[in-house]
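The values are calculated or read from the model by the stated rules, or taken from the named source; none is laboratory data. Source: prediction; values computed, not measured. In this analysis, Cβ positions are derived from the backbone assuming ideal geometry, glycine residues included, and neighbour counts consider all displayed protein chains.
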């Protein structure tokens with residue numbers, strides 16, 4: 001490759017990185033859904049990725065964790081409910097982006113796709129592969145598939161570049177959106193009214209606000225949740241991408 005052609009190729013790569021960064025930031029931090037659609041279209045054209053099905057997590061698990069964390073706090077149910085409502089859309093966008101990245105990584109890893117196809121052909125005929133809509137996306141019994149999947153996820157988790165990118169996107173999400181919302185959560189809370197046991201007609205106000213220390217601990221809990229949830233989403237996308245690439249060969 002000549003120096004001129006190499007320079008053009010490098011400029012193209014850097015230009016795409018800049019475009020991708022811009023689109024991702026606009027989607028994650030400004031909720032501009034057109035940006036993720038543009039990014040999806042770019043991936044469809046360049047890499048022939050079609051069916052993207054992110055598996056959104058319910059914030060119910062996080063809500064219960066918060067309740068357990070502050071189980072003795074007055075009005076903790078109200079706090080957890082308000083927090084879930086406050087960050088729900090932000091977390092959904094975070095998950096969609098990570099799923100897409102995991103999907104692309106798996107879809108384009110030909111070595112891993114070939115390996116899954118070899119295992120699949122031990123158990124399925126070519127006709128069966130042609131007739132299937134999905135491969136092993138939701139497999140829970142085949143030992144060979146489960147062992148292969150377990151190793152894939154182990155390798156994914158030990159990949160330093162993937163970990164670095166995940167931490168960076170979580171920190172960016174926190175800096176641009178979550179931290180301000182979390183540290184101002186008291187402004188989103190109402191004083192909860194509870195009825196006294198003595199008389200249904202009487203009630204007292206219960207302070208449902210968080211102290212500065214409680215907010216700091218809550219922030220740490222959210223960051224840990226995003227890290228664990230991020231890997232879960234990457235795993236799902238990664239596995240779906242590998243499976244879909246195998247199935248693409250029989251369509």
Taking the range 174-193 and keeping only residues that are within 11 Å of residue 210 (Cβ to Cβ) and modelled with pLDDT under 70, one is left with 189
Just one listed residue, out of 211, 202, is touching a strand residue (DSSP E or B) at 6+ places or on another chain (Cβ under 8 Å), at pLDDT below 90 and loosely packed, with under 12 Cβ neighbours inside 10 Å, and it is 202
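Could you please find all residues in the range 34-57 being at pLDDT 65 or above and either part of a loop (DSSP other than H, G, I, E, B) or farther than 28 Å from residue 247 by Cβ (or both)?
Here is the first cut: in the range 34-57, the ones at pLDDT 65 or above are 34-43.
Within the range 34-57, 34, 35 qualify.
Has the range 102-113 got any residue that is over 26 Å from residue 38 (Cα atoms) and without any contact (Cβ under 8 Å) to a residue 60 or more places away in the chain? Step through it out loud before you land on a result.
Initial filter on the range 102-113 (over 26 Å from residue 38 (Cα atoms)): 111-113.
Subsequent filtering for residues that are without any contact (Cβ under 8 Å) to a residue 60 or more places away in the chain retains 111.
Yes, the range 102-113 contains at least one residue that is over 26 Å from residue 38 (Cα atoms) and without any contact (Cβ under 8 Å) to a residue 60 or more places away in the chain.
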Checked pairs for the range 214-229, first at positive phi and exposed (fewer than 15 other Cβ atoms within 10 Å of the Cβ), second in a helix (DSSP H, G or I) and modelled with pLDDT of 90 or more, C-beta under 6 Å and 6 or more apart or across chains, list as none
Checked pairs for the range 18-32, first farther than 16 Å from residue 99 by Cα, second in a loop (DSSP other than H, G, I, E, B), C-beta under 9 Å and 6 or more apart or across chains, list as 26/32
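Looking only at the range 71-125, count how many residues are out of contact with any strand residue (DSSP E or B) (no Cβ under 7 Å at 6 or more places or on another chain) and farther than 30 Å from residue 250 by Cβ.
At the first step, the residues of the range 71-125 found to be out of contact with any strand residue (DSSP E or B) (no Cβ under 7 Å at 6 or more places or on another chain) are 71-73, 76-77, 79-125.
Of the ones still in play, those that are also farther than 30 Å from residue 250 by Cβ are 71-73, 76-77, 79-94.
Looking only at that region, the number is 21.
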